[in-house]
Each structure stands twice: as C-alpha cells, then as structure tokens.
1. Just name the residue that is surrounded by the fewest Cβ atoms within 10 Å (Cβ to Cβ) out of those in the range 337-379 that are in a loop (DSSP other than H, G, I, E, B) and free of Cβ contacts under 8 Å to residues at least 24 places away in the same chain.
2. Name every residue in the range 35-53 that is out of contact with any Phe, Trp or Tyr (no Cβ under 8 Å at 6 or more places or on another chain), part of a helix (DSSP H, G or I) and over 18 Å from GLU196 (Cα atoms), in order of residue number.
3. Tell me, which residue of the range 106-120 that is assigned to a loop (DSSP other than H, G, I, E, B) and free of Cβ contacts under 8 Å to residues at least 40 places away in the same chain is surrounded by the fewest Cβ atoms within 10 Å (Cβ to Cβ)?
4. If the Cβ limit is 6 Å and pairs must be 6+ apart or interchain, which residue in the range 394-415 that is among the small types (Gly, Ala, Ser) pairs with which residue that is open to solvent by 20 Å² or more (accessible area, probe 1.4 Å) and not in a helix (DSSP H, G or I)?
5. Considering only the range 21-41, state which residues are over 20 Å from PRO261 (Cβ atoms), surrounded by 24 or more Cβ atoms within 10 Å (Cβ to Cβ) and polar (S, T, N, Q).
6. Go through (1) out of contact with any strand residue (DSSP E or B) (no Cβ under 6 Å at 6 or more places or on another chain); (2) more than 13 Å from the ligand (Cβ to nearest atom); (3) of a type outside the set (D, E, K, R) and name the single condition VAL235 misses.
7. Within the range 280-336, can you find the residues that are part of a loop (DSSP other than H, G, I, E, B), away from the ligand (no atom under 16 Å from the Cβ), under 22 Å from PRO263 (Cα atoms) and aliphatic (A, V, I, L, M)?
8. In the range 3-20, what count of residues is obtained for those that are assigned to a strand (DSSP E or B) and either closer than 17 Å to MET233 by Cα or open to solvent by 30 Å² or more (accessible area, probe 1.4 Å) (or both)?
Amino acid sequence: MDAIEIQGGTPLVGEVTVSGSKNATLPMLCAALLAKGQSRFFDVPALADLRTMGRLLAHMGASIDPLSAPPGLGTTLSIDASTIGNPEAPYELVKTMRAAVLVLGPLVARLGHARVSLPGGCAIGARPIDQHLKGLTALGAKIELAHGYVEARADRLVGTHFNFDLPTVTGTENLMMAASLAEGQTVLENCAREPEIEALATMLNAMGARVHGAGSSTITIDGVSSLRPVDSMVVPDRIEAGTLMAAAVITGGDVLVRRAPAPHLEALTSKLREAGAKVTVEADGVRVVGPARPNPIDVITAPHPGYPTDLQAQLMACLCVSTGASRVVETVFENRFMHVQELRRLGADIAVEGNTALVRGQPELQGAPVMATDLRASASLVLAGLRASGTTTVSRVYHLDRGYDGLEKKLAALGARIVRVREA
Ligand code: UD1
C-alpha cells in the first residue's frame, strides 16, 4: 500500500494546473448510458473513482475505451452504451464508491429496469438514498428493496412535480437524467445548486435533452424520446483547486492555481481572505498568497453556494496554525470530523462537540505518522504535513487517489518535499 511522506516547512511557490472534476465526470459518464453510440469525454482526471465507474459501466455491457489524449485535452475516454444489457450495479463496486447510485436513473429511463446495491454506511455518515428513490417513484417507477438491492422498474417514466426534502447533489443529478427520457414535463424543486449539476445539464442538453434551470433550486425537464451521444469537456475540479489554494495558505506560500473556477470558489475565497490570505482572480486562475499564520475565523458548511463540506477538512488544517480560536461547524454530513483525531497527532488543539469543532491555533505542528479515513480527510493531513516540522507520513493513500490526480506531484512541483512511498 502506498503512503505519502512529507518533510514540512517549505512555503509553496509557483504555478499549478487543476485537473478535470471528479464530481462532474461521475454523473456525465452515467449520462452516456442514456444514448446509443459513442460518447467521448475530454480532460478526464486519472482517479480511482472514475476507474471504478468505468468497471461498473463495463459490467453492464458498455464498451469503455481509454483513448489516447489529443494534445492539450488531458485524458480522453469513450463510452459506447449501445450494447448495455445487464442493468445491475453489484455490491462489490457500489460499496467502494457511493456515486455508483448515479446509474439508477439512467438505467430505468433507458432500459426500464435497474438493480443497484444499496450503498450502506459510509465513513462520513449514514448518507441514505431515500430522495433518489422517492423521486423515481414520483416519476412512476416501481421500487422494491430486497436482499440489499434496490430494484426499479418502469415501462416509461412519466413527468412529475417533485420537491426534494433536502438538496442532494447526486439525487438531483439522478432525477435530472431519468426525467430527460420521461414522457412529458418534470419540475424538480429544492434541487441542489452545485456547479457539477450545471455541467451535467450542459451535457444532457447537447445530447438533445431539454433541461432548464440547472444551478438554481427549480429545474424543469421536458422529456424527449431519445438522446444522442456527444463529446464533452470536463470542467476543472473546484475542490482540487480549493485544496491547492489551502496548501498555499497553510505554507504561507504564493501559488497561482491555473484553471481554478473562481466563480465557484467564492465561499472559500472569502474565508481565505478573512483568514488573512491575499486572493486575486487572474485571467487564467486564482493566485493565493498565504499569511505567516492565518487569522482565526468561523466557518459553517452548507450546500452550494455555501461553504463546501468537501473543503471543510482542508480549511480546518489551515486553522490549526492560526493565531487564535476558530469554530468549524459541519451541517451537511453528521460524521465528518475523522481528520480531527489525526490532526491532533500532529499537535493540533481541536475540541469537538456535536457538529462543531473548536480549533485553537498553535504556532506550529510537528510531523508524525497519520492515517487517513476518507478522501478529503486525507487531503487535510497532507496539508498539515506540508506545514509541520519534520516528517509526516500519511498512510492509506488510496483514499487520496480516489479524488486527486497526482496531488503529490503537483505539490512537489511547487517546491514541497513530498514523495509517494510503498509501505511494507
Ligand atoms: C455529493 C458529492 C460529495 C459531496 C456532497 C455534498 C458527488 C459524486 N459527491 O455527494 O463529494 O460531499 O455531494 O456536497 O457529487 N441525503 C439524504 N437522502 C438522500 C440523499 C442525501 O438524506 O437521498 C443527505 C445526505 O445524507 C447528506 C446530505 O443529504 O447529509 C447531502 O448529501 P448529497 O448532496 O446527496 O451528497 P452526495 O450527492 O452523495
């Protein structure tokens, strides 16, 4: 198993380019199931979660071709879903990646049948899929739960008016895809407004769908009888961009994060400015100059456009070396403080009560062996290691590899002393 070894204490300086977005690519690959023929994707990041999704689509009978990339377009992937015949997402694949539930909507819409393993518990909370199922039921699907699987059937889905009980990102995406092939109009209310939903709508509309309002809380979809395959460019990853911006802050560095999608990072940008960083939006990205030590700040996670839960752990790492006491409140997931125990091993002073963490900034952190328990927690430990004196070894890097394309290489190019090592 790989680990990341970091000799901390070097301010990061230079330029780095953000890869394509994991959370935008996942639903887009599933949207390829809605059409017969070859869909092509450009600038696909090299991530374990996307390989898992590829395996899942292949299991259903789709042909996946990792084409070589045309210059400047990153990794190119093609999916031909003409031949899908096995509408099943097995437990072995769903348990490693909850986003596998995104095949549910497209499969019922295209084949009239889907059998998808229930995702089960997840390290960062219960994460049920009741909203996905309620929405599909409203679209006329018959849902049964048996033997740990969801079975959904419908001859043809029928447009409906559905109000989400709470905004869910993949839930909104699943229903948007399903409704695209339904008969008549669907109106979805209280939708999640994350930019990845807009990216999916752009692809669906290019395929011939009629989706309006994605990115707002009400989305209207006029169903069509068929969709065609298209070429799509993946948008830059705002969470990777935010992680690199936080890396500049925690090391007191000066980094231009190329392709950082500034309009989608406003919640982070304003928090980093409050913490004393200089954040400038430039023509091709965002430049961040970190303070010697951040100011203490309060932050509350919330659905977009609020502060993203996927950047909570990384900001908390920065606050561990702030000049005072900060409060971090997690409202999206009920158990997303697993990084706290490990940050403490590096000398952080953090008290947790319920969904609130009180972080008392320390002048410095000390390197230590730490172990990541989820994707963004891993990123926060890498960031803390960049600041800590001495050596930090972050184990279980497979979590990091699920969502970051060569993070250690990007950080090394900015001057970090960081290497990937093979653990005994
Ligand atoms: C997506 C992102 C993930 C991010 C999260 C919140 C992808 C592939 N993943 O996950 O990186 O952390 O959004 O921004 O895009 N919920 C229910 N019932 C449901 C669905 C969700 O109660 O049917 C709850 C969840 O438990 C959670 C909240 O709603 O508390 C938000 O979850 P959701 O937006 O669905 O997260 P994901 O789409 O799984």
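1. GLY354
2. Across the range 35-53, the qualifying residues are ARG51, THR52.
3. This residue is GLY120.
4. Listed pairs, sorted by first residue: SER395/MET371; GLY415/THR10; GLY415/VAL13.
5. Residue satisfying the conditions is SER39 alone.
6. (2)
7. ALA283, ILE297
8. Final tally of qualifying residues: 6.
The values are calculated or read from the model by the stated rules, or taken from the named source; none is laboratory data. All figures in this text were calculated on a predicted structure; none of them were measured in a lab. Because the Cβ atoms are built from the backbone with ideal geometry, glycine has one as well, and the counts that use them run over all protein chains shown. Accessible surface areas use protein heavy atoms only, side chains included; no ligands, DNA or RNA. Shrake-Rupley method; radii C 1.70, N 1.55, O 1.52, S 1.80 Å.
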